[in-house]
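Step one of this worksheet: look at the structure below.
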Amino acid sequence: MLVGKIDRVGRIRTLHGDMGVWHKYTFGLAGERFFRALAEKGVLLATRCETCRKTYLPPKIYCPTCFAELTVWVELPPRGYVETYTFLYEDLEENRLTEPVAVAFVTFPGVEGGIIHRLGEVRPEEVCSGLEVEAVLAAERSGGLQDILYFRPSRE
Amino acid sequence: MRERVAIVGVGYTSFRPLSPEVSFREMVFEAACRAYADAGLEPDRVGTFVAVSEDYLEGTSIFDEYVPDQLGAVLKPVQTICQDGITAIASAYLQLATGLFEVALVEGHAKASNVLYPAHIEAFAMDPVFVRPLGLNPRFVAGLEMRSFLAQTGNTEEQVALVVAKNKANALKNPLAAYPALVTAEDVLASRPVATPVKELDIAPFADGAVVLILARESVARTLKSQPVYIRGIGWMQDTPNLDQRDWSQASYAELAGRMAYRQAGIRDPKEEICFAEVDDTFSYKELQHIEALGLARCGEAGVLLSEGYFLPDGPLPVNVSGGSLGNGYLYDASGLRSVLEVVLQLRGQAGERQLPDVRVGLAQSWRGIPTASGGVIILSNE
Ligand SMILES: [Zn+2]
């Protein structure tokens with residue numbers, strides 16, 4: 001990369017600053033029910049709009065298509081499919097990772113949306129779009145995205 | 001018939017990887033002084049000011065309070081929006097169209113070198129419940145999208161690499177650009193993977209800089225010394241924020257913003273009627289995706305046309321003759337304003353060594369970057 005000539009940059013004063021900004025986030029009605037089912041029963045739930053004949057993952061209490069309130073909950077089949085994937089080589093501070101992280105967008109048949117998560121127990125050359133995968137859940141679950149450890153190629 | 005609106009003044013700094021000797025305010029001051037001089041106006045003629053910024057990128061909360069001083073906007077109507085630059089132009093355009101104001105100023109800047117860990121800011125923009133807990137560098141979004149775009153359209157990684165070679169070479173003729181270079185598609189393909197298939201050279205590096213544009217209603221524009229460049233159409237569009245609900249292969253926001261702008265401009269066949277375009281190339285594949293979304297090539301056709309030289313400066317439809325963000329540097333929300341600046345300079349015949357011959361209608365398009373699916377389109381004409 002070409003970088004402009006910088007003379008004596010060390011003599012220019014800078015102040016370092018950061019923002020101590022801390023939040024908490026409520027999951028909402030839909031998120032609460034989704035993560036409770038994941039923690040307690042180990043299943044993935046979605047909501048369904050009968051008018052639009054669409055099932056939404058992550059679940060919502062409103063239909064983004066027709067704006068109706070959604071009250072029908074359905075359990076997803078245990079297996080999903082990799083729609084698109086990437087191998088990520090950098091962390092949040094742009095440090096090079098020793099091993100790239102496989103990240104996938106996992107979709108389920110007949111469902112709008114999906115889940116973005118890591119892939120695990122898979123060789124890099126095995127990863128492809130259309131790969132059938134299943135969620136590997138944590139043994140101790142507290143209700144949150146971390147209850148899914150990763151998705152792996154599904155086993156018969 | 002509504003009175004037309006023109007861009008009557010442009011001001012800018014050069015775009016640089018670092019700007020250690022100046023503050024962001026001093027960069028904006030430089031760009032504003034040039035814009036006023038270019039338009040032949042004093043700040044007191046400006047009725048309304050619109051700025052784009054984002055608190056986290058500035059490192060200052062309630063950043064809009066920092067906007068007026070360096071623009072000559074103290075105790076004037078000022079609006080700061082957190083959107084991309086072309087959306088800011090749309091806001092100024094609408095304010096002029098109401099008849100309340102005669103002259104408006106639009107400002108955008110980037111002091112990207114002040115941001116130590118930009119990925120943390122993009123990560124904080126992710127859904128806090130369903131995505132952010134993964135703790136991933138948000139460039140994974142570009143990796144997922146590029147793979148899907150290539151698979152759905154049939155464009156290739158090699159064609160995407162040609163975008164980088166073209167834009168960095170175009171930037172060699174742009175004295176403002178931070179990252180001009182002669183690189184080959186092979187260099188790009190051999191650069192380190194970041195989020196496959198996105199590689200290091202596919203990503204526009206950050207730059208510091210400021211762009212100021214002055215807009216006026218036609219009746220005022222005609223009394224000024226600069227050659228007016230008319231806004232013939234402008235559109236802006238926002239897709240869902242949910243990564244999980246998007247179409248991973250298409251830039252629907254660009255397609256719909258383009259349609260909105262084309263309708264106003266009366267453009268039916270953009271490929272024939274647009275003389276040249278500056279489209280977002282924050283990631284190299286985005287240029288091909290945006291070209292197709294804007295109807296400047298059919299779906300799946302952009303890569304082939306590119307490899308045939310169609311989008312080169314001497315081709316039928318030059319794209320990013322300025323060097324784009326890959327050549328100039330990525331300026332966050334000011335990137336769209338930098339694209340508009342190039343279109344104005346070209347339409348005025350002031351683009352120096354890279355001047356395109358006989359251009360009448362130009363397009364600029366912006367994307368707000370990861371993790372957004374929003375942006376704007378503007379059609380400008382010197383007639
Ligand atoms: Zn519905």
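The values are calculated or read from the model by the stated rules, or taken from the named source; none is laboratory data. The structure displayed is predicted, hence computed values, not measured ones. Using ideal geometry, Cβ is built from the backbone for each residue, glycine included, and neighbour counts are taken over all protein chains shown. Just so you know, the surface numbers come from the protein's heavy atoms only, side chains and all, with ligands and any DNA or RNA stripped out. Shrake-Rupley method; radii C 1.70, N 1.55, O 1.52, S 1.80 Å.
Data table
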item: Gap separating the Cα centres of the range B:62-98 and the range A:71-116, nearest whole Å; result: 39
item: Two-site label geometry, A:Ala39 and B:Ala190: point separation in nm, points 7 Å out along Cα→Cβ; result: 5.3
item: Beta bridges by DSSP in chain B, antiparallel share as percent, to the nearest 5; result: 75
item: Solvent-accessible area buried by B and A, counting both chains, probe 1.4 angstrom, square angstrom; result: 4000
item: Cα-based helix-to-principal-axis angle, A:28-41 vs chain A, degrees rounded to 10; result: 80
item: Once the Cα gyration tensor of the range A:71-130 is diagonalised, semi-axes √(5λ) in Å; result: 27, 14, 9
item: Between 0 and 90°, nearest 10: helix B:140-153 axis offset from chain B longest Cα axis; result: 80
item: Occluded residues from the range B:232-259, i.e. those whose accessible area drops by 20 Å² or more once the chain is not alone (1.4 Å probe); result: B:Asp244, B:Gln245, B:Trp248
item: Gap separating the Cα centres of the range B:140-162 and the range B:187-228, nearest whole Å; result: 22
item: Accessible surface, the range B:20-132, averaged per residue in Å² (probe 1.4 Å); result: 42
item: Gain in span if fully extended, B:Asp55 to B:Gln152, counting 0.36 nm per residue against the direct Cα distance; result: 31.3 nm
item: Positive dipole terminus of chain A, leading residue within A:Thr86, A:His16, A:Val122 (C-beta point charges); result: A:His16
item: Accessible surface of the range A:26-153, 1.4 Å probe, proportion on carbon and sulfur as whole %; result: 50
item: Farthest toward positive dipole pole in the protein assembly as shown [+1 Lys/Arg, -1 Asp/Glu at C-beta], among B:Ser339, B:Leu96, B:Gly376; result: B:Leu96
item: Simple Cβ-charge dipole of the protein assembly as shown, Lys/Arg +1 and Asp/Glu -1, about Cα centre, in debye nearest 20; result: 680
item: Two-site label geometry, B:Leu100 and B:Glu383: point separation in nm, points 7 Å out along Cα→Cβ; result: 3.4
item: Dipole axis of chain B (+1 Lys, Arg; -1 Asp, Glu on Cβ), positive-most option in B:Ile203, B:Leu296, B:Gln152; result: B:Leu296
item: Alpha carbon convex hull of the range A:26-153, volume per residue in cubic angstrom; result: 130
item: Occluded residues from the range B:142-174, i.e. those whose accessible area drops by 50 Å² or more once the chain is not alone (1.4 Å probe); result: B:Leu144, B:Arg147
item: Calculated log₁₀ intensity ratio I(q)/I(0) where the Debye formula runs over C-alpha points of chain B, q = 0.06, 0.10 Å⁻¹; result: -0.20, -0.57
item: Sum of side-chain charges, B:Arg368 neighbourhood, beta-carbon under 10 Å (Lys, Arg +1; Asp, Glu -1); result: -4
item: Normalised convex hull volume, the protein assembly as shown, alpha-carbon set, Å³ per residue; result: 166
item: Among the listed pairs B:Lys168/B:Lys286; B:Lys111/B:Lys166; B:Lys166/B:Lys199; B:Lys166/B:Lys286, those beyond 23 Å (Cα-Cα); result: B:Lys111/B:Lys166
item: Averaged over B:121-129, number of beta-carbon atoms from partner chains that fall within 10 Å; result: 3
item: Ordering of B:260-266, A:92-98 by packing [mean C-beta count within 10 Å, highest first]; result: B:260-266, A:92-98
item: Förster radius 30 Å - calculated FRET efficiency between B:Lys76 and A:Val21 (Cβ-Cβ, nearest 0.05); result: 0.45
item: DSSP-assigned coil residues among GluC sites (Glu not before Pro) in the range B:236-317, each with at most 13 further Cβ atoms within 10 Å; result: B:Glu308
item: Inter-label distance for B:Tyr117 and A:Thr98, nm, one decimal - labels placed 7 Å from Cα along Cα-to-Cβ; result: 2.0
